[in-house]
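The values are calculated or read from the model by the stated rules, or taken from the named source; none is laboratory data. Just so you know, these numbers come straight off a predicted model, no measurement behind them. Here the Cβ positions follow ideal geometry from the backbone for every residue, glycine too, while neighbour counts run over all protein chains shown. These area figures cover heavy atoms from the full protein model, side chains too; ligands, DNA and RNA do not enter into them. Shrake-Rupley method; radii C 1.70, N 1.55, O 1.52, S 1.80 Å.
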Amino acid sequence: MTDGIAWLAEPQSIAWGGYGVVMARDLESESLARRVAATAFRGRTGTRFIGELTGHQAQDVLDGVFGSTHQEIALRHGELGEWSYVIKYGCWQAQFGATPRVDRGELHVFHLEFEEENGKPVPPTFAYCHDERLMCAFNLHLDGSWGYDGVQGEPGLASAVQDRLAAAGLPDHDLDRRTVHRTSLKVLQEQFGLSLPRRRIVEGTLPTLLLTAP
């Protein structure tokens, strides 16, 4: 048994404010973290290793060094089998761009984001990119008011994911959003074999990079 990714749908599953996760196959986690870091603050970021930290310690560093400004970001990273993952802390929302592409060089990269405390409210999103191509993307609330119009991406893969969603009974506008969110994550878990080690991320220590804005 693995932890999968459906646990991300729980309230404050990783940190207050939501989750920002990047996953990739066949790349060690520090390299993935540095690729992710290169896309922050329009590429004008300083990056340094600050130790093996828990999520709470990473947040304490951000709060202790930068007070309540929340203008900096920490990236914790780790590996699970052939997969590497990066977890974002701090002011990651809207601070990461598309260049240079994390998925350059034929890498398979999966992005999962949820701005849980955004009052609009913003839905959780998923995107799978490979070698600078969008393979699959949709909002996990399947909410038409936020532009959901089916799964986007490569036609064959998008259709396969859409079929899995339909088999899981989605979209169903009578379901509460958290149930839809969790079910959508289960579909992605099954389609792509995605998994994150919940206890290690939530309670354990991981190598941590501090990103500083220019």
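Structural remarks
- Lone unmet requirement of (1) assigned to a helix (DSSP H, G or I); (2) surrounded by 18 or more Cβ atoms within 10 Å (Cβ to Cβ) for L194: (1)
Matching residues to (1) in contact (Cβ under 8 Å) with a residue 12 or more places away in the chain; (2) open to solvent by less than 20 Å² (accessible area, probe 1.4 Å); (3) within 29 Å of R178 (Cα to Cα):
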| site | (1), (2), (3) |
| --- | --- |
| A37 | yes, yes, no |
| G105 | yes, no, no |
| C129 | yes, yes, yes |
| F138 | yes, yes, yes |
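- Any hit, the stretch 18-32, residues being among the β-branched types (V, I, T) and free of Cβ contacts under 8 Å to residues at least 40 places away in the same chain: no
- Among the residues of the stretch 142-167, those that are assigned to a loop (DSSP other than H, G, I, E, B) and either open to solvent by 50 Å² or more (accessible area, probe 1.4 Å) or of a type in the set (F, W, Y) (or both) comprise G147, Y148, D149, E154.
- Test result for Q93, open to solvent by 40 Å² or more (accessible area, probe 1.4 Å), within 30 Å of V180 (Cβ to Cβ), under 12 Å from the mean Cα position of the chain (by Cα) and of a type in the set (S, T, N, Q): yes
- The numbered conditions (1) under 17 Å from the mean Cα position of the chain (by Cα); (2) loosely packed, with under 15 Cβ neighbours inside 10 Å are all true for D174 except (1).
- Every residue from the stretch 51-109 that is of a type in the set (D, E, K, R), in contact with an Asp or Glu (Cβ under 9 Å, 6 or more places away or on another chain) and modelled with pLDDT under 90: none
- Qualifying residue in the stretch 18-29 (condition: at positive phi and either open to solvent by 50 Å² or more (accessible area, probe 1.4 Å) or modelled with pLDDT of 95 or more (or both)): yes
- Set L188, L170, L165: member being closer than 23 Å to Y85 by Cβ and among the aliphatic types (A, V, I, L, M): L188
- Residue, nearest to F41 (Cα to Cα), within the stretch 103-131, restricted to residues that are aliphatic (A, V, I, L, M) and out of contact with any His (no Cβ under 8 Å at 6 or more places or on another chain): L112
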